[in-house]
1. If R46 passes every condition in (1) farther than 21 Å from D184 by Cβ; (2) open to solvent by less than 20 Å² (accessible area, probe 1.4 Å) but one, which one does it miss?
2. Is it the case that segment 185-206 has a residue that's loosely packed, with under 13 Cβ neighbours inside 10 Å and in contact with a helix residue (DSSP H, G or I) (Cβ under 9 Å, 6 or more places away or on another chain)?
3. Spot the failing condition for W120; the list is (1) within 20 Å of A40 (Cβ to Cβ); (2) within 16 Å of the chain's Cα centre (by Cα); (3) among the hydrophobic types (A, V, I, L, M, F, W, C), and only one is missed.
4. Looking only at residues in segment 229-245 that are part of a strand (DSSP E or B) and touching a residue at least 60 places away in the same chain (Cβ under 8 Å), which one is nearest to the chain's Cα centre (by Cα)?
5. Regarding segment 72-86, can at least one residue be identified that is without any contact (Cβ under 8 Å) to a residue 60 or more places away in the chain and not in a helix (DSSP H, G or I)?
6. Please specify each residue of segment 172-187 satisfying the condition of being part of a loop (DSSP other than H, G, I, E, B), free of Cβ contacts under 8 Å to residues at least 60 places away in the same chain and within 17 Å of the chain's Cα centre (by Cα).
7. Is segment 94-111 home to any residue that is within 20 Å of E201 (Cβ to Cβ) and open to solvent by 60 Å² or more (accessible area, probe 1.4 Å)?
8. List the residue pairs whose Cβ atoms are under 8 Å apart, where the first residue sits in segment 148-167 and is assigned to a helix (DSSP H, G or I), the second is of a type in the set (S, T, N, Q) and open to solvent by 10 Å² or more (accessible area, probe 1.4 Å), and the two are 6 or more positions apart or on different chains.
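The values are calculated or read from the model by the stated rules, or taken from the named source; none is laboratory data. Every value quoted in this text rests on a predicted model; they were computed, and no experiment measured them. Here the Cβ positions follow ideal geometry from the backbone for every residue, glycine too, while neighbour counts run over all protein chains shown. Quick note on the areas: whole protein, heavy atoms, side chains included, nothing else; ligands and nucleic acids left out. Shrake-Rupley method; radii C 1.70, N 1.55, O 1.52, S 1.80 Å.
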Amino acid sequence: MNLSPRVALDKARLATLLKTKHLGRAAQFFSSVASTNEVARELAQRGAPHGYLVSACAQTAGRGRAGRTWYSAPGAGLWFSLVLRPTLAPQRCGLISLAAALAVAEAIAKITGIKAQLKWPNDVLVAGKKLCGILAETELIGDRLKFAVLGVGINTNRAHAQRMPRHIQATATWLSDHTSTLPDEMALLASILGAVEKRWEELEAGHLARLLRAWRTRCMHLGKPVRIVEPHSTLQGVAEDIAEDGALLLRTASGELRAIVAGDCQLLPE
């Protein structure tokens with residue numbers, strides 16, 4: 001593969017910064033792809049190893065959760081996907097995105113000092129606006145996980161995001177909004193990969209209490225009234241806790257405790 005000078009430089013620099021055992025040790029870097037998740041899925045189906053990294057300077061058809069479009073302009077963010085080979089039971093695959101969101105927030109704090117919060121199930125926010133989205137997709141063989149693809153998109157530089165639709169700009173934020181000095185992107189990526197690997201090892205080892213305890217400390221809506229928008233219904237209640245499978249435990253006005261597996265969580269006025 002012929003790499004542009006910028007992409008070749010990124011790949012070489014990341015290799016010098018990595019402290020992981022597996023994540024990012026094998027990698028492909030692109031100037032542009034339709035979707036890093038799609039490339040990573042194809043590679044996973046062809047046998048790519050655990051931790052294989054696909055990174056791109058831009059995506060032309062990036063995807064978010066629930067089929068949403070993820071705008072990935074050149075220079076506006078860090079866009080990458082990982083091939084993961086879990087030993088998790090399928091019913092716990094919802095924890096993959098939770099663990100990844102926590103790791104991203106921890107890495108951003110370490111590199112920039114910016115304290116991010118988490119919004120169930122997979123968003124990283126700063127000052128109430130979305131900084132990072134995570135999309136975890138899995139493939140099953142019978143009753144076991146064959147592989148997972150973890151996609152991460154982090155907004156870094158607002159100056160390169162002017163073509164993003166205004167309604168999305170209104171709810172999004174960039175690292176450049178909160179720091180006068182943007183971090184080196186490969187240093188940030190290396191830190192994120194290290195944090196994800198640490199939380200991934202906890203997840204695989206079954207140290208769920210430790211993982212969820214750390215997640216709760218950054219969660220923005222536990223103990224608060226929320227609205228859960230599901231594909232065919234809307235629920236309201238108090239976000240009481242996170243279950244061991246990653247479900248949100250919602251206490252409704254009738255006192256019923258509902259386990260929500262998927263949906264859009266929106267804070268309500270208290």
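1. Evaluating R46 over (1) farther than 21 Å from D184 by Cβ; (2) open to solvent by less than 20 Å² (accessible area, probe 1.4 Å) leaves (2) as the failure.
2. No, that holds for no residue.
3. Only one criterion in (1) within 20 Å of A40 (Cβ to Cβ); (2) within 16 Å of the chain's Cα centre (by Cα); (3) among the hydrophobic types (A, V, I, L, M, F, W, C) is unmet by W120, namely (1).
4. Here the residue is I242.
5. No.
6. Of everything in segment 172-187, just one residue is part of a loop (DSSP other than H, G, I, E, B), free of Cβ contacts under 8 Å to residues at least 60 places away in the same chain and within 17 Å of the chain's Cα centre (by Cα), namely T173.
7. There is at least one residue in segment 94-111 that is within 20 Å of E201 (Cβ to Cβ) and open to solvent by 60 Å² or more (accessible area, probe 1.4 Å).
8. Listed pairs, sorted by first residue: R158/S176; A159/S176.
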